[in-house]
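What follows is a short report on a single structure.
Every number here is computed from the coordinates shown, using simple stated rules; none is lab data. The shown structure was predicted, so the numbers you read here are calculated from the model rather than taken from an experiment. Cβ coordinates were reconstructed from backbone atoms using ideal geometry, including for glycine residues, and neighbour counts include every protein chain displayed.
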Amino acid sequence: MVFSALTRLDIPKEANVTSPIADKAALTDKLRQIAVQAGAAIMDHYRAGVEVVRKEDNSPVTAADHDAEALILDGLRRIAPEIPVVSEEAAAGGHIPDFGQHFFLVDPLDGTKEFLSKNGEFTVNIALIENRLPVVGIVYAPAKERMFFGFAPGEAYEQRIAASHDGTETGDDIRRIVARKPAPDGLVIIASRTHRDHKTDEYLSLYNVKEFLAAGSSLKFCLIAAGEADLYPRHGRTMEWDTAAGHAILAAAGGTVTQLDGTPLIYGKIERGLDNPYFVARGAGA
């Protein structure tokens, strides 16, 4: 599949899309455009600075989160109005739609703490869930100018891309990415910059570890997908919108995301409040 360097979100207000999930590559192209627009809005706030408020769970939220979410929700309504969308900030306000076998999961600004600390390790996450598994994923790190996307086995890519103030793309350097097999001398472990804990260290004591990397947001999945790390264990609270897009990309690149006992990490867990269990993301054969 050859992807274009898209220049703008050119979707009519009354788009008549009868089956947006039939062609996953075409859907991915549209989602990439939406993510670029959201990233441009986030970067406007990143440069200008924003006021922080606290949600009920004491996690931070900013105007950048809300502006990016509004852009994404509007874009998804245009291209796939029949597919429900579960999005972080709407869910925080108690708005979770009824959904079935197909729905979008959106985190408009994953890594708000990284956004506020100005380290650039925050992302826009958009995923399509099908039969409880993520099948399409977009992760865009606008401050890092890196976009990752995947939509089928062997169809995972990275694009070096910057978003201008009006949401247009610059750069068309797109390459296929593949999760690597671990080197004989040990694993490169990637862990959360802000959530590493004793349980994670205990788990990692079972492995031959060569190097530790720290990263924020869903970038951890993407760096494994790109062959830059081997293993990401998570012993802490995450929500489905935190992981779905990165999960889809890693799976397309040949890696896996499972619960700690090896069973699949699934989505649409409304009985858990859309919380994830502990999990581990692995490259090929890790």
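What's the local net charge at Thr258, with K and R +1, D and E -1, over the other residues with C-beta under 14 Å away?
Here the count lands on +2.
Could you work out the relative contact order of the chain, using alpha carbon pairs under 8 angstrom and six or more residues apart, expressed as a whole percent?
Dividing the mean separation by the residue count of the chain yields 17 percent.
Setting aside same-chain residues fewer than 8 positions from Lys199, which aspartates and glutamates have a Cα under 16 Å from its Cα?
Filter leaves Asp261.
At 20 angstrom or more along the helix axis (alpha-carbon based) and mean Kyte-Doolittle of -1.0 or higher, what helices does the chain contain? Whole DSSP H runs only.
For the chain, where a helix must reach 20 Å along its axis and average at least -1.0, the hits are 24-48, 63-79.
How high is the relative contact order of region 187-282, given as a whole-number percent (alpha carbon pairs under 8 Å, six or more residues apart)?
About 30 percent, as a whole number.
Please compute the alpha carbon radius of gyration of the chain, then divide it by the globular-protein estimate 2.2 N^0.38 Å. Two decimals is fine.
That ratio works out to 0.93.
In region 197-266, what trypsin sites (Lys or Arg not before Pro) fall in a loop by DSSP, with at most 16 other Cβ atoms inside 10 Å?
In loop regions of region 197-266 (DSSP not H, G, I, E or B), the sparsely surrounded trypsin sites (Lys or Arg not before Pro) are Arg237.
Restricting things to alpha carbons, find the Rg to Rh ratio for region 24-176 using the Kirkwood radius for Rh.
Over the Cα atoms of region 24-176, Rg/Rh equals 0.95.
Show me the GluC sites (Glu not before Pro) within region 47-87 that DSSP assigns to loop and that have at most 12 other Cβ atoms within 10 Å of their Cβ.
Of the GluC sites (Glu not before Pro), the ones in loops of region 47-87 whose Cβ has at most 12 other Cβ atoms within 10 Å are Glu51, Glu56, Glu82.
Need the list of lysines near Lys30 for cross-linking: C-alpha distance under 19 angstrom, and skip anything on the same chain fewer than eight residues off.
Output for Lys30: Lys13.
Per DSSP H run of at least 4 residues, take -39500 (n - 2.57); add these up for the chain, divide by its residues and hand me the 222 nm value, nearest 500 deg cm²/dmol.
-8500 deg cm²/dmol, from helical runs alone.
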